[in-house]
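Before any comments, here is the structure.
The values are calculated or read from the model by the stated rules, or taken from the named source; none is laboratory data. Because the structure is predicted, anything quoted here is derived from the model rather than measured. Please note: Cβ atoms are built from the backbone with ideal geometry, for glycine as well, and neighbour counts cover all protein chains shown. Remember, those area values only see protein heavy atoms, side chains included, never the ligands or the DNA or RNA. Shrake-Rupley method; radii C 1.70, N 1.55, O 1.52, S 1.80 Å.
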Amino acid sequence: MIAAMDDSNGEIAAALDARGWRTNTVIVFSSDNGGPNPGRLTSNGPLRAGKGTVYEGGVKTCAFVNWPGQIRSNTVITAPLHIVDWYPTLLKLAGASLAQKLPVDGRDLWPCVAGNAASPHDAILINAAPTRGAIRAGDWKLVLNGQLREVEDDEGAVPDKTSANSGEQVQLFNLANDPSEKEDLAAKNPAKVKELRARYEALAKQQVPPKAAPRPKNFRSPKVWGEKELL
């Protein structure tokens, strides 16, 4: 699958070059989540956990952007950014209006990508589900009920098999010193926990209630999502 995707991307780039459009085209490539079942099916390197969790192994992903003549090659961006930042950024680059019927999520990340500016965020809400969530502010990250994970073949969030914790779990990590999220600093930094939780709850109140209905008891995930199975 990776080889096929690589070949297809090469064909797109070759077509842009052939038409002379490459210097007027922004190419953005990004994963949507970390790999599932790390250690058995995938590897997320030193990052904790994987897809379906709010730990770094589930939410910190690789990405790149290419625009010859506009972005310096071999530049590495370490500032925290969010995938929704691309929407207002691409609108601005295309000369489109940012005036929308509803407020636009995300911030303009172009100064960061093209000019090595700081992140446009003072905080990033990673998730705010009814049962779990996380927020990052600078190097600090607050995780609520990180022991729960989303799975596609079950109802809602379920306990991670690697965790025996029950009840609400509050964790605090410093990602600059501990990118693998191994040392929980919540007990040592109650003021920081209080600060981040207040910011988390304020943002969580802004979310739209989910419209998804509960899955029936006999629900079974299809082998291929989007295809109707014959019973």
Item to check | Relative contact order %, the chain, counting alpha carbon pairs below 8 Å whose residues are six or more apart | outcome: 13
Checklist entry - Quick one: longest stretch of the chain between exposed loop trypsin sites (Lys or Arg not before Pro), exposed meaning at most 12 other C-beta atoms within 10 Å and loop per DSSP? => result 102-160
Item to check | Residue-averaged [θ]222 nm for the chain, counting only DSSP H segments that reach four residues, each worth -39500 (n - 2.57) | outcome: -6500 deg cm²/dmol
Item to check | Area accessible to solvent at LEU125, 1.4 Å probe radius, in Å² | outcome: 60
Checklist entry - Considering only protein heavy atoms, what per residue accessible area in square angstrom results for the chain with a 1.4 angstrom probe? => result 68
Item to check | Modelled FRET efficiency - R0 41 Å, VAL170 with VAL104, Cβ distances, 0.05 increments | outcome: 0.85
Checklist entry - Among rounded, prolate and oblate, which fits the range 1-101 when a ≥ b ≥ c are the square roots of the eigenvalues of its C-alpha gyration tensor, a/c under 1.5 means rounded, and a/b larger than b/c means prolate? => result oblate
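Can you give the local net charge around ALA118? Use residues other than it whose beta-carbon is closer than 15 angstrom to its beta-carbon, Lys and Arg +1, Asp and Glu -1. Provide the component values of the computation, followed by the final result.
Numbers: positive: ARG107, ARG136; negative: ASP85, ASP108, ASP122, ASP139.
Net of charged neighbours comes to -2.
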Checklist entry - In a shell of Cβ-Cβ distance under 14 Å around ALA14, excluding ALA14 itself, what net charge do Lys and Arg (+1) and Asp and Glu (-1) give? => result -2
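What percentage of all Cα-Cα pairs in the range 165-208 are separated by more than 16 Å? All intermediate terms of the calculation are to be shown ahead of the outcome.
Numbers: 467 of 946 pairs.
Distances greater than 16 Å cover 49 percent of the Cα pairs.
What's the magnitude of the charge dipole for the chain around its Cα centre, counting Lys and Arg as +1 and Asp and Glu as -1 at the beta-carbon? Answer in Debye, nearest 20. Mind showing how you got there, number by number?
On the way: 28 positive and 26 negative charges, 89 e Å.
Dipole size: approximately 420 debye.
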Next on the checklist: For the range 198-224 and the range 37-54, what is the centre-to-centre distance using only Cα atoms, to the nearest Å?
Outcome noted: 22
Next on the checklist: Per residue of the range 199-212, what does 6.51 cos²θ - 1.76 cosθ + 1.60 with θ = phi - 60° give for ³J(HN,Hα)? Whole Hz please, x for Gly and Pro, Karplus curve as stated.
Outcome noted: 5, 4, 5, 5, 6, 4, 5, 7, 6, 7, x, x, 9, 5
Item to check | For the chain: Kirkwood Rh in Å [reciprocal of mean 1/r, alpha carbons] | outcome: 20.4
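Is the range 27-82 best put as rounded, prolate or oblate by its Cα gyration tensor, with a ≥ b ≥ c the root eigenvalues, rounded for a/c under 1.5, and otherwise prolate when a/b is larger than b/c, oblate when not?
prolate
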Next on the checklist: Within the range 126-142, list the residues whose amide N lies under 14 Å from a label point set 7 Å along Cα→Cβ of ALA204.
Outcome noted: 126-136, 142
Item to check | Backbone HN-Hα couplings from phi across the range 144-150 [Karplus 6.51/-1.76/1.60, Hz, Gly and Pro as x] | outcome: 10, 6, x, 6, 8, 9, 8
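For every other residue with a beta carbon closer than 12 angstrom to the beta carbon of TYR87, add +1 if it is Lys or Arg and -1 if Asp or Glu, then tell me the sum.
Details: positive: LYS92, ARG107; negative: ASP85, ASP105, ASP108.
Surrounding charge for TYR87 is -1.
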Checklist entry - So, with a 1.4 angstrom probe, what is the percent of accessible area on the range 105-154 that is carbon and sulfur? => result 44
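Which value, in debye to the nearest 20, describes the size of the charge dipole of the range 54-134 about its Cα centre when Lys and Arg Cβ atoms bear +1, Asp and Glu Cβ atoms bear -1, and nothing else is charged? Write out the running numbers ahead of the final one.
Numbers: 6 positive and 5 negative charges, 19 e Å.
Approximately 100 debye in magnitude.
Using only the C-alpha atoms of the range 71-122, find the volume of their convex hull and express it per residue in Å³. Spell out each step's value before the answer.
On the way: hull volume 4.1 nm³, N = 52.
In the range 71-122, the Cα hull volume divided by residue count equals 80 Å³.
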